[in-house]
Amino acid sequence: MRGMTPCPQSVARAPSPCAPSDCDVAFEVSAADVADALARLEQDDALALPLIGPRLRHRLLRAAARLAFRPAQPVIGEGANAVYQEFDLCTAIPARSPFRAVAGAFTDLLAAALGHLDPPPLAQPPVFNDLIVQRYARGALGITPHRDHIRYRGLIALVTLCGAARFHVCADRAGSKAREIPAPAGSVVLMRAPDFAGRPDRPFHFLCDVTARRISFGLRHDARMPAAARAHIPPGLT
């Protein structure tokens, strides 16, 4: 696939976790650019924009190589509401991981972006207390149309670190009216969640056509969890 960024296959020389001074984060997008994206998100449901450059992306990939992944539950729900998925995941992100540094810096970027908007779609940036790294093998199913659990509020961010797959938003569980959101390596998909611009609904979305091993980093605010807590649970679906 054009623009595909392969995931590293060897991790033998992966360095130790970074100290805070080694986890400085620089993004490829300005607060004004993010503000423009947030202004469009109420109507667009989801959109993507560039976020991280090669140096930070490779640092995150090295950190991902040290994580302990486990297979996702292959089927969630029953009957017409069943969601089928095939990927590995890790939610036990170490405290000094660069993933947490990125989450903190991204929160600051969102705060600056919201300051550009009047009225802002969110009173304040989400507290990203639910972090997940997902790994999709080439040829994996991905995940069928679903909505993220209602406990995830405000805004959801999905950062592509490497690989190739197709992310879509759609109208229902059948995948009708699907619209692809191109999300190459280094990009972030922003997807609205309940409370964004006062809306209560959640977009259906799915990921398919994994043509190269893909690793992504998801950031969510779990409203049922204390802000400082981090339960090691996978993202819920409905």
Check your understanding: Out of (1) free of Cβ contacts under 8 Å to residues at least 60 places away in the same chain; (2) of a type outside the set (Gly, Ala, Ser); (3) in contact with a His (Cβ under 7 Å, 6 or more places away or on another chain), the odd one out for Pro126 is which?
Key -> (1)
Practice item. Only residues in the range 194-217 that are farther than 12 Å from Ala140 by Cβ count as the first member; pair them with residues that are among the hydrophobic types (A, V, I, L, M, F, W, C) and surrounded by fewer than 17 Cβ atoms within 10 Å (Cβ to Cβ), Cβ under 7 angstrom, at least 6 apart or cross-chain, and list the lot. Key: Pro194/Ile150; Arg202/Ile150; Phe204/Ala171
Exercise for review: Have a look at Ala140, Ala95 and point out the one that is out of contact with any Ser or Thr (no Cβ under 7 Å at 6 or more places or on another chain) and without any contact (Cβ under 8 Å) to a residue 40 or more places away in the chain.
Suggested key: Ala95
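Quick one: would you say Ala80 is loosely packed, with under 15 Cβ neighbours inside 10 Å and over 22 Å from Arg224 (Cα atoms)?
On the way: loosely packed, with under 15 Cβ neighbours inside 10 Å: yes; over 22 Å from Arg224 (Cα atoms): yes.
For Ala80, the condition - loosely packed, with under 15 Cβ neighbours inside 10 Å and over 22 Å from Arg224 (Cα atoms) - is met.
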Check your understanding: Considering the range 155-204 alone, what residues qualify as being outside any strand (DSSP E or B) and surrounded by 23 or more Cβ atoms within 10 Å (Cβ to Cβ)?
Key -> Ala183, Ala185, Ala193, Phe196
Revision key, fill the gap. Restricting attention to the range 169-203, the residues that are under 19 Å from Tyr152 (Cα atoms) and within 15 Å of the chain's Cα centre (by Cα) number exactly 8
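Every read-out reported here was derived from the displayed coordinates using simple, explicitly stated rules and does not represent laboratory data. The structure presented is a predicted model; accordingly, all values stated were derived computationally and were not measured. Here the Cβ is made from the backbone with ideal geometry for all residues, glycine too, and neighbour counts use every protein chain on show.
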